[in-house]
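Novice: For reference, the structure I am asking about is given below.
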Amino acid sequence: QTPIILFPLPEITVQDRPLPERGSVAVRADKEVMTLFGASNGAIAIVLDCSGSMAGKSKLITKYQEALQALQQVLEKLPKGATVSLWVFGQRTDQAVAEPELTIRRLLNPVRWNPDNAAQMQTLMAGVKNLTPWYESPIVSTIIRAKADLKDAQGFKSIIVITDGMDNRFAQDARLNPKKLGIPTFLTETFR
């Protein structure tokens with residue numbers, strides 16, 4: 001004989017909702033840690049390529065116009081209070097220059113960024129929209145200058161480079177690269 005025990009209703013029922021498609025993590029920390037490493041305490045130096053190759057068309061707009069759209073998207077997503085600076089290179093100048101390195105300039109000094117401040121965004125975007133792509137691309141030299149903006153920053157530090165290509169000036173820059181290093185090696189040693 002085999003005894004049979006029937007349970008017409010379960011004693012325990014577990015019902016689970018489907019997991020969300022995307023997850024997130026909330027991190028809590030002491031005030032001192034958040035003060036030091038919080039998003040609003042970071043510094044970002046942006047390098048924008050305004051060299052002649054950026055005048056080339058991609059679809060119906062120029063590469064430079066695409067770069068400006070990317071720049072605006074980055075600026076809109078930055079945390080409020082982060083320190084931001086903007087460097088450009090390769091733009092046309094009032095007078096011809098012998099070396100494209102002479103076009104490198106900081107268009108925005110380090111400033112606390114507020115993505116909700118429409119005037120701050122409009123002023124910066126108006127400044128970059130007035131530039132005309134022209135010379136070659138001293139990308140590495142510009143990155144090294146932008147690095148100085150991060151020297152004394154607390155919290156996270158980042159350099160964002162918006163470009164369509166590669167540096168075509170670094171190999172011949174004896175002042176910046178006297179050892180004739182490749183770009184990856186040079187940047188690794190410089191940022192170590």
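The values are calculated or read from the model by the stated rules, or taken from the named source; none is laboratory data. Note that the structure is a prediction, hence the values are computed from the model and not measured. As a convention, Cβ positions derive from the backbone with ideal geometry for all residues, glycine included, and neighbour counts pool all protein chains shown. SASA here: full protein model, heavy atoms, side chains in, ligands and nucleic acids out. Shrake-Rupley method; radii C 1.70, N 1.55, O 1.52, S 1.80 Å.
Novice: How many nm is it between the label spots at residue 107 and residue 151, if each spot is 7 Å from the Cα in line with the beta carbon?
Specialist: 2.4 nm
Novice: Using a 10 Å cut-off on Cβ atoms, rank the peptides 80-91, 115-126, 9-20, 153-164 from the highest mean neighbour count down.
Specialist: Details: 80-91: 22.0, 115-126: 12.6, 9-20: 5.4, 153-164: 16.4.
Top of the packing list down: 80-91, 153-164, 115-126, 9-20.
Novice: Using the alpha-carbon atoms, what tilt in degrees (0 to 90, nearest 10) does helix 118-129 show relative to the longest principal axis of the chain?
Specialist: Approximately 50 degrees, to the nearest ten.
Novice: Considering only protein heavy atoms, what per residue accessible area in square angstrom results for the stretch 1-159 with a 1.4 angstrom probe? The partial results should precede the final answer.
Specialist: Working: 10940 Å² over 159 residues.
I get 69 Å² per residue for the stretch 1-159.
Novice: I would also like to ask the following. Over the chain, what is the mean sequence separation of C-alpha contacts under 8 Å (at least six apart), divided by residue count, expressed as relative contact order in percent? Write out the running numbers ahead of the final one.
Specialist: Values: 286 pairs, mean separation 52.2, N = 192.
Reported as a whole number, the value is 27 percent.
Novice: Can I ask one more? List the residues whose amide H sits under 5 Å from the amide H of residue 92, counting only those 5 or more places along or on another chain, with H placed 1.01 Å from N in the peptide plane.
Specialist: Excluding prolines and chain starts, which carry no amide H, the hits are 132, 134, 135.
Novice: Report the calculated FRET efficiency for residue 116 and residue 69 (r = Cβ-Cβ distance, R0 = 22 Å), to the nearest 0.05.
Specialist: Values: r = 20 Å, r/R0 = 0.89.
After rounding, the FRET efficiency stands at 0.65.
Novice: Let me ask another. Specify, per residue and in Å³, the volume enclosed by the convex hull of the alpha carbon atoms belonging to the stretch 50-134.
Specialist: Given the Cα convex hull of the stretch 50-134, per-residue volume reads 95 Å³.
Novice: Could you give the nm distance between label points at residue 180 and residue 55, where each point is 7 Å from its Cα heading toward the beta carbon?
Specialist: About 3.3 nm separates the two model spin labels.
Novice: Quick one: which of 128-138, 168-178 comes out on top by average Cβ neighbours within 10 Å, and what's the full order, highest first?
Specialist: Output ranking for 128-138, 168-178: 128-138, 168-178.
Novice: Mind listing the long-range amide H neighbours of residue 87? Cut-off is under 5 Å, sequence gap 5 or more, other chains count too, H placed in the peptide plane at 1.01 Å from N.
Specialist: Amide H to amide H, under 5 Å and 5 or more residues apart or across chains, residue 87 pairs with 46, 47, 48, 107.
Novice: Another question about this same structure. Which value, in Å³ per residue, describes the convex hull spanned by the Cα atoms of the chain?
Specialist: Details: hull volume 55.5 nm³, N = 192.
Convex hull volume per residue, Cα atoms: 289 Å³.
Novice: Per Stokes-Einstein, at 25 °C and 0.890 mPa s, what whole-number D in µm² s⁻¹ belongs to the stretch 84-125, with the Kirkwood radius over Cα pairs as the hydrodynamic radius? All intermediate terms of the calculation are to be shown ahead of the outcome.
Specialist: Working: Rh = 11.9 Å.
It comes out at roughly 205 µm²/s.
Novice: What are the residues whose amide H is under 5 Å from the amide H of residue 165, where those residues sit 5 or more places off or on another chain and H is modelled from the backbone?
Specialist: HN-HN under 5 Å from residue 165: empty list.
Novice: Here's another thing I want to ask about it. Using a 1.4 angstrom probe on heavy atoms only, work out the carbon and sulfur share of the accessible area of the chain in %.
Specialist: Numbers: 7150 of 13260 Å².
Carbon and sulfur atoms account for 54 percent of the accessible area of the chain.
Novice: Compute the acute angle (0 to 90°) between the alpha-carbon long axis of helix 63-77 and the principal axis of greatest extent of the alpha-carbon atoms of the chain; round to the nearest 10°.
Specialist: Taking Cα atoms only, the helix is inclined about 50 degrees.
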